[in-house]
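Just below is one structure, and these are the notes that go with it.
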Amino acid sequence: MSTTTTPTQSTLEDLRLPVQARLAAAWTSFMFLYIYVDYLALYKPGVVDDILNGVVHEFDTGPTFVALALTLMAVPILMILLSVTLPARANRTANLVVAALYVPVTIFNAAGEPWSYAYFYGFSIALELVLLGFVLRSAWAWPRRR
């Protein structure tokens, strides 16, 4: 009599994602977080009224403000595409430079916010910094060809 044994625990296959895919995933996560923080900030009392009066964080919402805001959003958005299309050397450099530049930008985003929202901004900035750290670590440790 033969008995077939079935494993009680199956081993899951752990495929290694290419660095480019990990970077694109990190930038995508960063953008979702970036956008949702801005969206959820609209629920703070007075924010929509200020926007309707042409003011965001004490800045006039003129052409300069919207151009800068678009640039701040466009760069990480483009990094999603660039992370999967640039050649390795340019890709690594672009990710290191852009992520390093976005660390102070991310920290600056909390400037002028009231302490009553410290958890909201502190948590969101911490998450953004973790994602930027992941980008920096992934790009820095890019595997080399032997």
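The values are calculated or read from the model by the stated rules, or taken from the named source; none is laboratory data. As the structure is a prediction and not an experimental result, all values here were calculated from the model. When we count neighbours, we look across all protein chains shown, and the Cβ atoms used for this are built from the backbone with ideal geometry, even at glycine.
Could you tell me which residue of the range 96-124 is farthest from residue 138 (Cα to Cα), considering only residues that are touching a helix residue (DSSP H, G or I) at 6+ places or on another chain (Cβ under 9 Å) and among the hydroxyl-bearing types (Ser, Thr, Tyr)? Checking each candidate, the answer is 117. Name every residue in the range 90-113 that is under 19 Å from residue 77 (Cβ atoms) and among the small types (Gly, Ala, Ser), in order of residue number. Residues satisfying the conditions are 90, 94, 99, 100. Count, please, the residues in the range 16-64 that happen to be assigned to a helix (DSSP H, G or I) and either at positive phi or of a type in the set (A, V, I, L, M) (or both). Residues that pass the stated criteria total 16.
Checking 71, 93 one by one, the residue that is over 21 Å from residue 142 (Cα atoms) and in a helix (DSSP H, G or I) is 71 and no other. Within the range 1-52, the residues that satisfy the criterion of being polar (S, T, N, Q) and modelled with pLDDT of 90 or more are 20, 28, 29. Taking the criterion of being under 22 Å from the mean Cα position of the chain (by Cα), more than 21 Å from residue 127 (Cβ to Cβ) and surrounded by 14 or more Cβ atoms within 10 Å (Cβ to Cβ), the residues of the range 11-55 that qualify are 19, 20.
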